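The values are calculated or read from the model by the stated rules, or taken from the named source; none is laboratory data. Since this is a predicted model, take the numbers as computed values, not measurements. Here Cβ is always computed from backbone atoms with ideal geometry, including for glycine, and neighbour counts include all displayed protein chains. Accessible surface areas use protein heavy atoms only, side chains included; no ligands, DNA or RNA. Shrake-Rupley method; radii C 1.70, N 1.55, O 1.52, S 1.80 Å.
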Amino acid sequence: MTFEPKIVGFLCNWCSYTGADLAGTSRIHYAANVRIIRVMCSARIDPTFVLKALHDGADGVLICGCHPGDCHYSEGNYKMMRRYPLLKALLSDYGIEKDRVRLEWVSASEGQRFADIVNDMTERVRALGPSSIKTALATDMAER
Amino acid sequence: MEDLKIGVYVCNCGTNIAKVVDCDATIESASRLPGVAIARPYKYMCSNPGQEMIVADIREHGLNRVVVAACSPRMHEPTFRKALQQAGVNPYFLEMANIREQCSWVHEDGAVATEKAKALVKAAVLRVARHEPLERRSVDMCPDLLVIGGGIAGMTAALDLADAGSKIYLVERADHLGGNLARVDLTAPYLDSARDMLTDRMTRVVEHPNISLLLNSEVERLEGFVGNFQATIATKAGNAADQVATVDVGSVVVCTGYKEFDASRITHYGYGKLPNVITSFEFEKMLREGGVETKEGKAPQYVAIIHCVGSRNLEFHAYCSRVCCMTALKYAHEVKSAVPGAYVSDIYIDMHAFGKGHEDFYRRSSEVKTLFLMYAKDDYPVIRKADAKDDCEMLIEVNESLSGETIEIPADMVILMVGMEARDDWAEVAHLVNISGDKDGWFIESHPKLDPVATTTDGIYIAGACQAPKDIPDSVAQARAAAARILGRIAKGKLEIDAVFAEVDEDKCSGCRMCNELCPYTAIEFDAEKKRSHIISALCKACGACVAACPSGAIAARHFTDAQIFAEIEGVLA
């Protein structure tokens, strides 16, 4: 049986969540592996959300916000953009492959783009296989 | 805390959800989740009986939390919040699971979609258990308004709103009002003059004390939110630098219209090469200038009209442009009155005469001796220059569908009924006001049937052909509907906005001030005496940037708390 990865998607309310809704109203079919959680802005996405998702068994985490310059709150996505490399560095210390966590900009009119990103990410995470972070974190916790 | 009693409602949405997602299995799975007291399906949860079901269950079973698994919360969250309120439960004790736009409409495999729906419902159930009661805030609604586009839709909306006492900023890119309608001679089906229709409106707009007309102008930026937008408008001032002004407006009506299809894209018609092959707009110009004649200055004896140029064709635009059939019939009348005795051939795919008075007009046009020839989609008529021996300029070869024969007809003038298409810069306009466009670039309404005037961004309305090809009555109706919607909100004076904002727990705040600089709205102030940061709730727009950044975890985002999002994460991964 093919491995079906579980991916948690954190989407900002104004652009990306609306873009995902547009994929729906346009009946654009895409992989069912991403489960979406709505936040008001990508700047709300605390790195602990990503860690929590990986800890709880997600094989990947997708973060989507408005394109740079388009943020509903002027500059929230820039905050996410700056946090992201730090988060990626931390994840790589835990041995998390880089394709498992992804930041993308999706506007309210980019339903097709959202579907393409989900399909592409699902394929990449599927190729990586199940995430080993769960056990890594558990070991780490036990050592403390 | 009282015991949780969660009601879960799974909407079939007719067959929109139920044909892909197994709603009964979803209900069954939800009924086993902690705190769930009742789980029920219904055909249309958003309908009155659907809402009444929730209200009745709350009263009868003492439910204190509700999960509705249905469409996007961007569509019906306000509807269901109202139902909770009506039953005496805090409206924020609702959570929606988006199992339509983000599930049944995007997945084909029923089993997979059902598993996803179950997970989304579980996330909603776990989340709603951690919801807190919140009070909505009330803000002032700025009564001034921005209308973008000075065509028939924009002028109509502006006049209705201005007549009711609002101050309107009507922004038009061109140096004149009227839009595409200003390029039209008579209108179908009653052959009224477009000029008469427009002159009255234009004069009223220019003279109206409540309308500030900004020609040669474009909206450069729009910031803020419903009731409180700030629009930056740039007006071209000849050789001098643009004049830039920022105005406060409560709502925005986008009426940016359409542009005509470029006929040279269809090579079969020789547009741009054969001098007497012209577009419908070029023919309108000829009519407005008062003379129907060929480039050689002769009265055309044979006039052919070709329908669906760029429309109803997968190579260009799959949609019908809606106005061209009636306009073509109108041309038959106008040609006959300008050149008595001229022969008119009308080469069409299907005759779309759906509007009021249109079928009558079609019948009357058939009586003025117009030759109707039907061609099949994608089997373009071919136009070529006639030989010297022929008594006409061009010959058109048509594979006539009804007779099944190939017919060659003479023409001195060919009018191409060019369709409507979205303006080249539709995406920039959509971006400017934060709305969406469909695959063809038409702006997307909030609901295709029940809310064709609003958009997914509160306070932004659309009217006229920027939403889809439309004739004058439909454009006017939509513009007046947008005006009525806006006036309804202005009449309330105050605007209820989400109770969502961030709060600092002073006991946890270390006074590091990291959040102070992060806030784009300068809503965070520092109390030097207490050495604690504090959020001014009226200024907070609830983005949550400070919440994620606080190293002490001292800031909570109401309705988007860490605990609520953690619960959702656990739910979706179940």
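Details
- Screening A:Val61, A:Val34, A:Val50, A:Val39 for residues that are facing chain B (nearest Cβ under 7 Å) and open to solvent by less than 10 Å² (accessible area, probe 1.4 Å) leaves exactly one candidate, A:Val39.
- The residues of region B:237-285 that are assigned to a helix (DSSP H, G or I), surrounded by fewer than 19 Cβ atoms within 10 Å (Cβ to Cβ) and of a type in the set (A, V, I, L, M, F, W, C) amount to a single one, B:Phe281.
- Tally, over region B:332-375, of residues that are surrounded by fewer than 16 Cβ atoms within 10 Å (Cβ to Cβ) and part of a strand (DSSP E or B): 1
- Within region B:294-318, residues that are aromatic (Phe, Trp, Tyr) sit with their Cβ atoms under 6 Å from residues that are assigned to a loop (DSSP other than H, G, I, E, B) and open to solvent by less than 30 Å² (accessible area, probe 1.4 Å), at 6+ positions apart or across chains, in these pairs: B:Tyr302/B:Cys392; B:Tyr302/B:Asp412; B:Phe316/B:Gly310.
- The one condition from (1) in contact (Cβ under 8 Å) with a residue 60 or more places away in the chain; (2) facing chain B (nearest Cβ under 7 Å); (3) surrounded by fewer than 24 Cβ atoms within 10 Å (Cβ to Cβ) that A:His55 does not meet is (2).
- Unmet criterion (only one of (1) more than 30 Å from B:Glu220 (Cα to Cα); (2) in a strand (DSSP E or B); (3) over 11 Å from the mean Cα position of the chain (by Cα)) for A:Leu62: (3)
- The lone criterion from (1) within 30 Å of B:Val147 (Cβ to Cβ); (2) within 14 Å of chain A (Cβ to nearest Cβ) left unmet by B:Pro473 is number (2).
- Scanning region B:1-31 for residues that are on the phi > 0 side of the Ramachandran plot and in contact (Cβ under 8 Å) with a residue 40 or more places away in the chain gives a single hit, B:Cys13.
- The residue that is least open to solvent (accessible area, probe 1.4 Å), among those in region B:415-434 that are more than 22 Å from B:His317 (Cα to Cα) and touching a strand residue (DSSP E or B) at 6+ places or on another chain (Cβ under 8 Å), is B:Val433.
- The set of residues in region A:1-35 that are aromatic (Phe, Trp, Tyr) and part of a helix (DSSP H, G or I) contains only A:Tyr17.
- Output for region B:324-346, where each listed residue is out of contact with any Gly (no Cβ under 9 Å at 6 or more places or on another chain) and of a type in the set (A, V, I, L, M, F, W, C): B:Cys325, B:Ala328, B:Leu329, B:Ala332, B:Val335, B:Val339, B:Ala342, B:Val344
- Number of residues in region A:64-99 that are over 25 Å from B:Val433 (Cβ atoms) and either modelled with pLDDT under 90 or open to solvent by 20 Å² or more (accessible area, probe 1.4 Å) (or both): the value is 15.
- Within region B:461-511, tally of residues that are closer than 22 Å to B:Thr156 by Cβ and either among the β-branched types (Val, Ile, Thr) or assigned to a loop (DSSP other than H, G, I, E, B) (or both): 14
- Region B:72-92: number of residues that are touching an Asp or Glu at 6+ places or on another chain (Cβ under 7 Å) and open to solvent by 10 Å² or more (accessible area, probe 1.4 Å): 1
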